[in-house]
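**Q** Below is one structure. I have some questions about it.
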Amino acid sequence: MTQADAPLTGLRVALAESRELDLFADMLRCRGAETLRCPLVTIRDTPDRAAVEAWLQRFIQQRPDWLILLTGEGLRRLNGFAERAGLLDAFHEALATTPTLTRGPKPGRALRPLDLKPHLLAESPTTAGVIRSLQTLELDGARVAVQLYGQEPNPALMQALLDAGAEADPVSPYIYTDDLDDPAVLTLLDRLRDGEVDCIAFTSKSQVSRLFTVAEHAGRVGELRQALSRVLLASIGPVVTDALARHGISADLQPEQSYFMKPLVRELIAARRGGRAAATPSD
């Protein structure tokens, strides 16, 4: 295999991803990278099944004026809850007649199997982008269903809806929980400190939070910051980049438009070659 066929040869990449870890690792390995699997968090259905089913009943029986989808994972989890509750057809029927605002392309992709498209794509794939897009709508007196990111209440978005005169109805269909136990995360810190990792790739802000939380409990935040300053930091998108920035860390690379694993891999390749990756229509 030539360098052109394997442009990431010699690069040791730590992967914090969990849900699509095998896919991400395969993308990198077939391009020559060595991967270190260190899934920091995993995604599970919320244990509060009753709350999600009550939200689904409201969504079906009192259809909102808008639905805000913050993640594709959230819609997939809602589908699962609806199916188990015998509400799937009714939920899809309600979805088909409810205007949707999506934060970024991933929720839009989750709508595709239902032959649906977002009515409005947020100005940027962040809470701030969603809020700016909401300002273009007439929401006084509107009911707005909101699928939240994990268990985060997102007070900024809730306040923006309140200020617009809307009634918000949020739902949290999934949670992030620890994947690796703390000693295994500390082993990752050791490897970062000892120069055994060239790059670490983050695909969710929860991964960033977990890494810093474990480091803080161990009294090793300073050490972690120094280690991260010496490796290539790959961020899948603005939300992750902002999470790193809140810890005083700058991402070295991020896809410009399409925030998925394939564009992230292309950015890694471009960084190795000293340039930037070009977006493709397939992203």
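The values are calculated or read from the model by the stated rules, or taken from the named source; none is laboratory data. Treat the numbers as computed from the prediction; the structure is a model and nothing was measured. Note: ideal-geometry Cβ built from the backbone for every residue, glycine included; neighbour counts use all protein chains shown.
**Q** For region 155-171, enumerate the residues that are free of Cβ contacts under 8 Å to residues at least 24 places away in the same chain and closer than 25 Å to Thr46 by Cα. Spell out how you get there, then give the answer.
**A** Taking region 155-171 first, the residues free of Cβ contacts under 8 Å to residues at least 24 places away in the same chain are 155, 158-159, 162-163.
Result: Pro155, Met158, Gln159.
**Q** Which residue is modelled with the lowest pLDDT, if the candidates are limited to region 178-203 and must be assigned to a loop (DSSP other than H, G, I, E, B) and farther than 21 Å from Ala271 by Cβ?
**A** In the first step, residues of region 178-203 are kept if they are assigned to a loop (DSSP other than H, G, I, E, B); the result is 179-181, 194-198, 203.
Then drop every residue that is not farther than 21 Å from Ala271 by Cβ, which leaves 179-181, 194.
Values: Asp179: 81, Leu180: 77, Asp181: 88, Asp194: 96.
Looking at the filtered set, the residue picked out is Leu180.
**Q** Given the options Ala110, Ala128, name the one that is small (Gly, Ala, Ser), assigned to a helix (DSSP H, G or I) and free of Cβ contacts under 8 Å to residues at least 40 places away in the same chain. Give the steps one after another, and end with the answer.
**A** On the way: Ala110 fails: free of Cβ contacts under 8 Å to residues at least 40 places away in the same chain.
After ruling out the rest, the residue left standing is Ala128.
**Q** For the condition touching a residue at least 40 places away in the same chain (Cβ under 8 Å), of a type in the set (Lys, Arg) and closer than 28 Å to Ala201 by Cα, what is the one hit in Arg77, Arg58? Spell out the reasoning first.
**A** Working: Arg58 fails: closer than 28 Å to Ala201 by Cα.
Of the residues listed, the single one that is touching a residue at least 40 places away in the same chain (Cβ under 8 Å), of a type in the set (Lys, Arg) and closer than 28 Å to Ala201 by Cα is Arg77.
Table: residues versus (1) closer than 20 Å to Asp45 by Cβ; (2) crowded, with 23+ Cβ neighbours inside 10 Å; (3) in contact with a strand residue (DSSP E or B) (Cβ under 7 Å, 6 or more places away or on another chain).
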{"position": "Asp182", "(1), (2), (3)": "no, no, no"}
{"position": "Leu186", "(1), (2), (3)": "no, no, no"}
{"position": "Asp190", "(1), (2), (3)": "no, no, no"}
{"position": "Gly195", "(1), (2), (3)": "no, no, no"}
{"position": "Asp198", "(1), (2), (3)": "no, no, yes"}
{"position": "Phe202", "(1), (2), (3)": "no, yes, yes"}
{"position": "Val208", "(1), (2), (3)": "no, yes, yes"}
{"position": "Leu211", "(1), (2), (3)": "no, yes, no"}
{"position": "Val214", "(1), (2), (3)": "no, yes, no"}
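**Q** On to the next question. Considering only residues that are over 20 Å from Ser18 (Cβ atoms) and in contact with a strand residue (DSSP E or B) (Cβ under 8 Å, 6 or more places away or on another chain), which ones fall in region 232-248?
**A** Across region 232-248, the qualifying residue is only Leu232.
**Q** Just a yes or no: is a residue in region 226-236 crowded, with 19+ Cβ neighbours inside 10 Å, farther than 28 Å from Gly32 by Cβ and either of a type in the set (Gly, Ala, Ser) or outside the structural domain of Gly104 (by TED's automatic domain parsing) (or both)?
**A** Looking through region 226-236, none of the residues is crowded, with 19+ Cβ neighbours inside 10 Å, farther than 28 Å from Gly32 by Cβ and either of a type in the set (Gly, Ala, Ser) or outside the structural domain of Gly104 (by TED's automatic domain parsing) (or both).
**Q** Here's something else I'd like to know. Could you go through region 219-232 and let me know if any residue there is of a type in the set (Gly, Ala, Ser) and closer than 27 Å to Tyr149 by Cβ.
**A** From region 219-232, those of a type in the set (Gly, Ala, Ser) are 219, 222, 227, 229; that's our starting set.
Applying the additional criterion that residues be closer than 27 Å to Tyr149 by Cβ yields none.
There is no residue in region 219-232 that is of a type in the set (Gly, Ala, Ser) and closer than 27 Å to Tyr149 by Cβ.
**Q** Of all residues in region 167-177 being more than 16 Å from the chain's Cα centre (by Cα) and either charged (D, E, K, R) or not in a strand (DSSP E or B) (or both), which is farthest from Arg77 (Cα to Cα)?
**A** Glu167
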